[in-house]
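This report refers to the structure that appears directly beneath it.
The values are calculated or read from the model by the stated rules, or taken from the named source; none is laboratory data. From a predicted model like this one, the values you see are computed outputs, not experimental measurements. Because the Cβ atoms are built from the backbone with ideal geometry, glycine has one as well, and the counts that use them run over all protein chains shown.
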Amino acid sequence: MRQQAFLEKINPVRDKMYRLALRLLVSKEAAEDATQEVILKLWDRKYSVKDYTNIEAFAMTSTKNYCLDELKAKKNNNLRLVHQNYENKSLSLQRELELKDELHHIEIIVNELPEQQKIVFQLRDIEQLEFDEIIEITKMKPTAVRVALSRARKKIREKLTNEHNYGLTSG
């Protein structure tokens with residue numbers, strides 16, 4: 001496989017690889033390094049990469065595994081939710097602060113989730129991957145993926161509801 005053909009297959013996936021690495025490793029520099037390392041590993045296997053039916057799933061799986069290996073090596077269990085979809089210049093300063101505060105609370109809640117739930121939540125709700133791709137990336141059974149996602153969403157919803165109600169319960 002020539003360099004141009006390889007880049008045509010990898011470039012569309014590069015941003016997703018970076019976002020997943022950023023989610024797992026927290027640091028932008030570490031995420032950039034991880035993305036580059038995985039791309040280099042894929043380049044080393046360029047002749048077998050062309051035989052994969054879903055290069056995106058393979059690249060995402062490789063990125064996930066590389067990042068988890070890095071986390072194990074550093075014994076660092078941080079996982080942050082940083083989502084920058086709220087860059088709308090027409091927002092008032094108060095609304096912008098409210099959104100940042102809400103994202104901070106979601107980040108704290110996500111940090112409390114078990115590792116599998118964090119990864120499934122990231123892949124499905126942030127990266128918007130299909131269940132088949134998530135199953136292939138995580139090597140989990142379909143039922144386990146759906147249960148992990150359901151539990152993650154439920155936990156986030158409960159914590160946010162509790163926080164918005166200031167801990168008050170009705171009844």
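The listed residues are Leu71, Leu97, and the only one of them that is at pLDDT below 85 and crowded, with 16+ Cβ neighbours inside 10 Å turns out to be Leu71. Can you tell me which residue within segment 109-156, out of those that are more than 19 Å from Met60 (Cα to Cα) and of a type in the set (Val, Ile, Thr), is surrounded by the fewest Cβ atoms within 10 Å (Cβ to Cβ)? In this case the residue turns out to be Thr143.
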